[in-house]
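Remarks on the structure that follows.
The values are calculated or read from the model by the stated rules, or taken from the named source; none is laboratory data. Quantities reported herein were computed from a predicted structural model and do not represent experimental measurements. Neighbour counts run over all protein chains shown; Cβ positions are idealised from the backbone, glycine included.
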Amino acid sequence: MNSPILWDELTWKQIGELRDRGKDLVILPVGATEQHSLHLPVGVDTFSIVAVAQGVSAKTGFPVLPPLAYGCSLGHTKKWAGTISLRPETLSTMILEIAEWIVGSGFSRLVLLNGHYTNWAPLRCGLETIRHQYPELRIALRSVWEISSEINQLYQQDAINFHANCAETSVMLAIRPDLVQLEKAKDEPDRSAHCFFAYTVNQESVYGGVGSPSQATTQYGQKILDACIDTLSQQLEQALLEKLPLEAIPPNFPVV
């Protein structure tokens, strides 16, 4: 298997040559630093999203930017030590400013690859601003669990509002087993799955997790990783050839 192409390990000349060879799509992994119950480290979302991004890079040759290890984790509150959160507007501004320099380096496609659930809204707001300010840049946002419906099912099989669950624990067993303390895992039901209002994690979880981490296995984690890497690699290769929607209009389409 090829090695991933890491932006911060390249010289400026190598980055320009990569762009000129048609690999002008870059991947920005966005993780988080937040509590993950008693058995997982606070870097779970960053470790997992970097593993997916680098796996995709190794398959496709698309470069991976240095990851953002801080996200919008306000919902985890300060009940448990370790969480470090940005405010939504900060995260949105960060990706806007990163996009400015991606455009300045001559790249035309940016993929925001998200590893934490409540990053999605600020990332989407940032996407809107980027799309407005840099219309020449094609931008996409994908959370790892929504790469496909099959992957979504793998993540949510024990909890819709999952956190430190079977899937996340299994992925960590596959990539960093040394950081998993499975003997401390506490299974908790998805208490807010059918609630109307949104609640912070300390209002729905005793230990800081939701799901059944005690059922986690290395094999299940590798299955998730392989599915994420293979599926997203295929999607990005196809996306590189994607035309503007209006370019698909047939010549005889009536235009007013």
Handout entry: Selected residue (only one of Ala81, Ala58 is assigned to a helix (DSSP H, G or I) and not acidic (Asp, Glu))
Key = Ala58
Practice task
Would you mind finding the one in Glu183, Glu237, Glu204 that is of a type in the set (Asp, Glu), in contact (Cβ under 8 Å) with a residue 24 or more places away in the chain and closer than 30 Å to Pro4 by Cα?
Solution key: Glu237
Completion exercise
Looking across the range 179-208 at residues that are in a loop (DSSP other than H, G, I, E, B) and among the charged types (D, E, K, R), the single one that is nearest to Ile160 (Cα to Cα) is Asp190
Completion exercise
Residue hits (the range 101-129; surrounded by fewer than 18 Cβ atoms within 10 Å (Cβ to Cβ), closer than 24 Å to Arg21 by Cβ and not aromatic (Phe, Trp, Tyr)) are Val103, Gly104, Ser105, Gly106, Ser108
Handout entry: His132 being more than 26 Å from Leu6 (Cβ to Cβ), out of contact with any Leu (no Cβ under 7 Å at 6 or more places or on another chain) and surrounded by 19 or more Cβ atoms within 10 Å (Cβ to Cβ)
Key = no
Problem - Number of the exception - Glu168 against (1) closer than 27 Å to Lys78 by Cβ; (2) among the charged types (D, E, K, R); (3) part of a loop (DSSP other than H, G, I, E, B) - result: (3)
Exercise for the section: From the list Leu113, Leu74, pick out the single residue that is over 19 Å from Val210 (Cβ atoms) and either modelled with pLDDT of 95 or more or in contact with an Asp or Glu (Cβ under 6 Å, 6 or more places away or on another chain) (or both). Expected result: Leu113
Exercise for the section: Give the residue, chosen from Thr83, Thr118, that is within 24 Å of Ile160 (Cα to Cα), under 16 Å from the mean Cα position of the chain (by Cα) and of a type outside the set (Asp, Glu). Expected result: Thr118
Exercise for the section: Examine the range 78-100 for a residue that is surrounded by fewer than 23 Cβ atoms within 10 Å (Cβ to Cβ) and at positive phi, and state whether such a residue exists. Expected result: yes
Exercise for the section: State all residues of the range 211-256 that are exposed (fewer than 12 other Cβ atoms within 10 Å of the Cβ) and either in contact with a strand residue (DSSP E or B) (Cβ under 6 Å, 6 or more places away or on another chain) or among the aromatic types (Phe, Trp, Tyr) (or both); if no residue qualifies, say none. Expected result: Phe253
Exercise for the section: Determine which member of the set Gly22, Gly16 is among the small types (Gly, Ala, Ser), assigned to a helix (DSSP H, G or I) and surrounded by fewer than 17 Cβ atoms within 10 Å (Cβ to Cβ). Expected result: Gly16
Practice task
Considering only residues that are surrounded by fewer than 16 Cβ atoms within 10 Å (Cβ to Cβ) and without any contact (Cβ under 8 Å) to a residue 24 or more places away in the chain, look in the range 135-156 and name the one that is farthest from Glu204 (Cα to Cα).
Solution key: Pro135
